[in-house]
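Beneath this line is the structure, given in structure tokens, with notes to follow.
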């Protein structure tokens, strides 16, 4: 319960009021004047204190002790039984001779007001490719360009956000991300758009990065964005010998590794510092990616670093770690 900071009759204030009578011998009328309340209220709290002690001064639920007009339990059970046979509220009301409003209220209390609640929950299915390069996940995150410290730091929303909504702000930029399914080694690059040319350019850059680590990519998984459905992206995948897998519409969990990496990158890179300019944020991205891949433990792979999944030798570590 939220209590006003200056309220007099909080549980602590009630205790002070009651002790003024029980211990100091002050009259109820005088106590009422001191605490700006009525003698009847003072008497109520004194009675509760004498009966229940300090616990009696706490707030209680306003729910009545009994509800004689409440729908009988047998009727509630019958409503639930009919609902589990996938009957509608109107059908149940007609079958049991109960008003539709009562049926709706009972179903809402039981959590069965939507028929979808009758379906068993879909089990969580986690998958992970056996070796690095079998599949990488691609995705894009739209970020507002900045030319000063924004509202996430200052709390002032009168600046860039409002200007951007009127088409007068610094505009947008797009972070294209790739993450390897098996090792969680990630790559990201800030691009000017989310169109097909940027998507194909990023894919080439991502493949070159993974190749530098000795990873040969076999498949790419994307959502159904227009840039990934374009002929240019399709032709590039075919030319490079990549199998392109698209997620089922409105099922972001299929591409969950990329979605989760984007959340991490926003928290630990994009919004982690008070950048003065978008250029400064972009310049910081490679350093954060290096830390993510080489030094940051990843919970999804047993708190190991992504690069550890490659099993690099000491010489290779010295060659690649810069």
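The values are calculated or read from the model by the stated rules, or taken from the named source; none is laboratory data. Given the structure is predicted, the values throughout are model-derived calculations rather than measurements. For neighbour counting, all protein chains shown are included, and Cβ atoms are generated from backbone atoms with ideal geometry for every residue, glycine included.
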Which listed residue, of 31, 71, 41, is surrounded by 10 or more Cβ atoms within 10 Å (Cβ to Cβ), over 37 Å from the mean Cα position of the chain (by Cα) and under 30 Å from residue 110 (Cβ atoms): 71
Selected residue [assigned to a helix (DSSP H, G or I) and loosely packed, with under 10 Cβ neighbours inside 10 Å] from 60, 51, 105, 86: 51
Sole exception among (1) surrounded by 12 or more Cβ atoms within 10 Å (Cβ to Cβ); (2) in the same structural domain as residue 176 (by TED's automatic domain parsing) for residue 110, by number: (2)
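For (1) more than 19 Å from the chain's Cα centre (by Cα); (2) assigned to a loop (DSSP other than H, G, I, E, B), each residue gets a yes or a no:
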position	(1), (2)
266	no, no
272	no, yes
279	yes, no
287	yes, no
290	yes, no
Spans of strands (runs of 3 or more DSSP E) in region 166-257 with at least 1 residues surrounded by 20 or more Cβ atoms within 10 Å (Cβ to Cβ), in contact (Cβ under 8 Å) with a residue 12 or more places away in the chain and touching a strand residue (DSSP E or B) at 6+ places or on another chain (Cβ under 6 Å): 172-180, 186-191, 219-222
Looking only at region 261-295, and only at residues there that are without any contact (Cβ under 8 Å) to a residue 24 or more places away in the chain and surrounded by 15 or more Cβ atoms within 10 Å (Cβ to Cβ), the one that is farthest from residue 177 (Cα to Cα): 284
Selected residue (only one of 183, 212 is modelled with pLDDT under 95 and either over 21 Å from residue 263 (Cβ atoms) or not assigned by TED's automatic domain parsing to the domain that holds residue 142 (or both)): 212
